[in-house]
Amino acid sequence: MRAHDLDALCARAGIERAYIDHFGQRHEVAPQTIETIADAMGLFAAAAPPATLAPVTVWRIEHGPPEIELMLPATAAPTRIVWQVLEEQGGKHAGELGFADLALAAASAPDTACRKLWLPALPLGYHRLVVACEGAGTSEALLIVVPARAYLPPRLARGAGVWGIAAQLYALRSERDWGIGDFGDLLALVRHAADGGADIIGLNPLHALDLDAPERASPYAPNSRIFLNPLYVDVEAIPDYRDGAAARRRVASPAFQAELRKARGADLVDYATVARLKRAALEQVYDSFRRRHRAAPTARGRAFREFQRSGGDMLRRFCIFQALRAARARDDASQRDWRNWPAPYRDPGSSAVAAFAARNRRKIAFFEYLQWVADDQLTACAAAAQDGGMAIGLYRDMAVGVDAGAAEAWATQDVVVGGWSIGAPPDALARNGQDWGLSPLNPVALRRAQYRPFIEIVRANMRHAGALRIDHVLGLWRSFWIRQGETAARGAYVRNPFHDLVGILALESHRARCVVIGEDLGTVPEGLRGELERAGILSYRLLYFEQDGGRFRRPRDYPRTALAAVTTHDLPMLPAYWSGADIALRSELGLLPDVRQERERRAADRAALWAALREEGLVQGGPSDAAPVEAAYRYLARTRSHIVMLHLEDALGITAQINVPGTVDQHPNWRRRWPADLDAMFREPRVRALLRAMERERPKPRGH
């Protein structure tokens, strides 16, 4: 392929010809990689005649009345054009004009005359545009009118700062848990945190994982980002458990209680045991529900049927997938991956799938029931946060993608690209780059689908949330594609429709009254943080990385539109960072090429951090052997950033790392539990002292 043809292909597909990695090294993308990505997007398929309207237009309301491009034949231009807008809330607008009355615009396709249609001012929302042209037929499109900025609560908009507690939900302990933290424990955490003055609870992704492969525990490699993980259901809090004698007898049996005690006392979550115990109990709980409410005209039965109805095709497909995979994988583990199924079952809309669903109504309804009770319990947690006076409440986390074998990929094959995964080029944490094993979305197909898959995911994750963290928000700007079987070094960046996606995020955030936080760590493209700030999306700033020329940034230098924290799930807790325990761990796992250099760099970082804390009057003298936990959090609390998050593990001196990037089985990722139950944790003097310090530095306003 000639160079100029390659440039044209990159422009059409949004592929970047080269990229600069974290170390400043330039990488040229191989022509074959560019062609293969374009082929995966379907750009070499036979092109359909250009439609009069693009399938979707995202228009910012501050730009005034929408201007819509019409692609019309360059010859035989229509003499009459009739248009109609059907507003989301029912309003209607219509008009008629001649071809000569349309404004000229630059043509973007051969043999077309691109013209602009001016529409009246429209409210925020999702509107349907219909245009009929003589000789060119009728076209329909989605017109999304979005705000300039994402939602910000009044307290934050006035410049006040809030603070909260970050927790991995599975890690919580209580005297009544089943070996994993659940929504009952979250309810208790919310109440403890609210009593301590916190305004926000930060959580790991609550996405549905593989119920039949529970040891695949990463919340960032989910089965679906739309639905919840039923392992977080508090079984004994379900009304149908209290009404079901069979389930209560089973749970009360000596054998079941012995397994519960063992799971509850373990330092690591035993996902296989937890899944087996909960699945057995929930099956019986569902039987109790069916007998009492499924067919009878009870309020609880009606509520479940309404949940099924409102969940629509996405809920039904997700639950069909789980039942179908369980049936096919019963005797063959390879059938857990739908790509290995016979062709008729690989198509969610096939008659074979419909026939399976008809034969397995009870099994599918059981999975729908699990989502219903999970949603109900999470609703109660969000309500408790509001009742406790939290300015934000629950802060959820949305993963960047799903595995190619996941339910979400099966249900949305029209936009998910098979044979490729997304990751990252080499950086300071991963010298060989990263392959996350998550399938990319086809930006061309996403626009063709009018962004519906993205809207559904965002909407589901903002449900119950006062804030939503977008993991790897850089993925809205561009994604790093890696072909399966190849190294990250042979990958390429593919640009996404950033401004459209950010506009949709802003619209949904206002509807849900939900703050948006973008995790903008790693190799950040130039200009991205400025774009996020203009869109009202908070930056994600970690103390460890906020340095400039070997000097830690002072509190006054932190941006206001940001969330500040000491660490995150992929990095060491402060006690481990201070002692260098994380360096020893990564060395033991073979992840550090030069341990000595890393230790020297860390020693310099410790000295620089101590100097910054001392300048702020938070410590005195020379560095201590103990990590300056309270001083570090008070330091962050003094920043201008809207939100500061803390980890209680830091107060307790815990050095175990939640997740070590680059490992799968070498380290117990996503399994470590808190050392004590919730009540005991909040009685711990070091924890109480840290909460009091945060209250003093960031007090709630009177009458909050």
Discussion item. So if I check each of Ala188, Ala246, Ala208, Ala263, which one is at pLDDT below 95 and either on the phi < 0 side of the Ramachandran plot or buried (at least 19 other Cβ atoms within 10 Å of the Cβ) (or both)?
Written reply: Ala246
Discussion item. Considering only the range 278-288, I want to know if a residue exists there that is surrounded by fewer than 21 Cβ atoms within 10 Å (Cβ to Cβ), over 19 Å from Ile238 (Cβ atoms) and touching a Leu at 6+ places or on another chain (Cβ under 9 Å).
Written reply: no
Worksheet entry | Odd one out for Asn659, checked against (1) modelled with pLDDT of 95 or more; (2) out of contact with any His (no Cβ under 7 Å at 6 or more places or on another chain) | (2)
Worksheet item: Taking the condition part of a helix (DSSP H, G or I) and more than 18 Å from Glu600 (Cα to Cα), does Leu507 pass?
Response: yes
Worksheet item: Do we find a residue being assigned to a helix (DSSP H, G or I), touching a residue at least 24 places away in the same chain (Cβ under 8 Å), within 25 Å of Ser624 (Cα to Cα) and aromatic (Phe, Trp, Tyr) anywhere in the range 574-582?
Response: yes
Worksheet, complete the sentence: Within the range 44-78, of all residues that are modelled with pLDDT under 85 and touching a Gly at 6+ places or on another chain (Cβ under 6 Å), the one surrounded by the fewest Cβ atoms within 10 Å (Cβ to Cβ) is Ala76
Practice prompt. Restricting attention to the range 212-261, report how many residues are in contact (Cβ under 8 Å) with a residue 40 or more places away in the chain, more than 15 Å from Val285 (Cβ to Cβ) and of a type in the set (A, V, I, L, M).
Written response: 6
Practice prompt. Could you tell me whether the range 468-480 includes any residue that is in a loop (DSSP other than H, G, I, E, B), assigned by TED's automatic domain parsing to the domain that holds Ser509, farther than 21 Å from Asn659 by Cα and over 12 Å from the mean Cα position of the chain (by Cα)?
Written response: no
Discussion item. Take the residues in the range 516-541 that are outside the structural domain of Pro425 (by TED's automatic domain parsing) and assigned to a strand (DSSP E or B); name whichever of them is surrounded by the most Cβ atoms within 10 Å (Cβ to Cβ).
Written reply: Leu538
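Given Arg191, Arg149, Arg176, which one is more than 30 Å from Phe498 (Cβ to Cβ) and either in a loop (DSSP other than H, G, I, E, B) or touching a Ser or Thr at 6+ places or on another chain (Cβ under 8 Å) (or both)?
Details: Arg191 fails: either in a loop (DSSP other than H, G, I, E, B) or touching a Ser or Thr at 6+ places or on another chain (Cβ under 8 Å) (or both); Arg149 fails: more than 30 Å from Phe498 (Cβ to Cβ).
Of Arg191, Arg149, Arg176, the one residue that is more than 30 Å from Phe498 (Cβ to Cβ) and either in a loop (DSSP other than H, G, I, E, B) or touching a Ser or Thr at 6+ places or on another chain (Cβ under 8 Å) (or both) is Arg176.
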Item to complete: For the range 130-145, indicate whether the set of residues that are within 26 Å of Leu538 (Cβ to Cβ), in contact (Cβ under 8 Å) with a residue 12 or more places away in the chain and within 26 Å of the chain's Cα centre (by Cα) is non-empty.
Response: yes
Worksheet entry | Within the range 309-353, tally of residues that are surrounded by 15 or more Cβ atoms within 10 Å (Cβ to Cβ) and touching a residue at least 60 places away in the same chain (Cβ under 8 Å) | 15
Item to complete: Just give me the residues in the range 84-102 being modelled with pLDDT under 95 and outside any loop (DSSP other than H, G, I, E, B), in sequence order.
Response: Gly95, Glu96, Leu97, Phe99, Ala100, Asp101
Practice prompt. Residues being closer than 22 Å to Arg686 by Cα and either among the hydroxyl-bearing types (Ser, Thr, Tyr) or assigned to a helix (DSSP H, G or I) (or both): count how many of those fall in the range 621-642.
Written response: 10
Worksheet, complete the sentence: Scanning the range 133-150 residue by residue, the ones that are surrounded by fewer than 23 Cβ atoms within 10 Å (Cβ to Cβ) and over 30 Å from Leu97 (Cβ atoms) total 1
Discussion item. Suppose we filter the range 546-574 for residues that are touching a His at 6+ places or on another chain (Cβ under 8 Å) and either surrounded by fewer than 19 Cβ atoms within 10 Å (Cβ to Cβ) or at positive phi (or both); how many remain?
Written reply: 1
Discussion item. Which of the numbered conditions does Val502 fail, given that it passes all the others? Conditions: (1) of a type outside the set (Asp, Glu); (2) closer than 22 Å to Ala13 by Cβ; (3) modelled with pLDDT under 95.
Written reply: (3)
Worksheet item: Out of (1) buried (at least 20 other Cβ atoms within 10 Å of the Cβ); (2) without any contact (Cβ under 8 Å) to a residue 12 or more places away in the chain, the odd one out for Met681 is which?
Response: (2)
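Which of the helices (runs of 4 or more DSSP H) found entirely inside the range 304-392 contain at least 3 residues meeting this: charged (D, E, K, R) and out of contact with any Cys (no Cβ under 7 Å at 6 or more places or on another chain)?
By residue number, 361-387.
Residue by residue, here is whether (1) more than 18 Å from the chain's Cα centre (by Cα); (2) farther than 15 Å from Ile643 by Cβ holds:
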{"residue": "Leu538", "(1), (2)": "no, no"}
{"residue": "Leu542", "(1), (2)": "yes, no"}
{"residue": "Phe545", "(1), (2)": "yes, yes"}
{"residue": "Tyr558", "(1), (2)": "yes, no"}
{"residue": "Ala564", "(1), (2)": "yes, no"}
{"residue": "Thr568", "(1), (2)": "no, no"}
{"residue": "Pro572", "(1), (2)": "yes, yes"}
{"residue": "Pro575", "(1), (2)": "yes, yes"}
{"residue": "Trp578", "(1), (2)": "yes, yes"}
Worksheet item: Could you say whether any residue in the range 678-689 is acidic (Asp, Glu) and assigned to a loop (DSSP other than H, G, I, E, B)?
Response: yes
Item to complete: Scan Asp594, Asp582 and give me the residue that is surrounded by fewer than 17 Cβ atoms within 10 Å (Cβ to Cβ), of a type outside the set (Ser, Thr, Tyr) and more than 27 Å from Ala467 (Cα to Cα).
Response: Asp594
Item to complete: Filter the range 573-600 down to residues that are within 26 Å of Ala651 (Cβ to Cβ) and among the basic types (Lys, Arg) and give me whichever is modelled with the lowest pLDDT.
Response: Arg586
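Among helices (runs of 4 or more DSSP H) lying entirely in the range 400-464, which contain 3 or more residues that are under 18 Å from the mean Cα position of the chain (by Cα) and of a type in the set (Val, Ile, Thr)?
Because the criterion is at least 3 residues that are under 18 Å from the mean Cα position of the chain (by Cα) and of a type in the set (Val, Ile, Thr), the helices (runs of 4 or more DSSP H) in the range 400-464 that meet it are 452-462.
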Worksheet item: Only one of (1) of a type in the set (Gly, Ala, Ser); (2) crowded, with 21+ Cβ neighbours inside 10 Å; (3) under 27 Å from Arg317 (Cβ atoms) fails for Gly418. Which number is that?
Response: (2)
Discussion item. Would you confirm, using the coordinates I've provided, whether Ala167 is crowded, with 20+ Cβ neighbours inside 10 Å and touching a helix residue (DSSP H, G or I) at 6+ places or on another chain (Cβ under 8 Å)?
Written reply: yes
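The values are calculated or read from the model by the stated rules, or taken from the named source; none is laboratory data. Keep in mind the model is a prediction, meaning the values are calculated, not measured. Cβ coordinates were reconstructed from backbone atoms using ideal geometry, including for glycine residues, and neighbour counts include every protein chain displayed.
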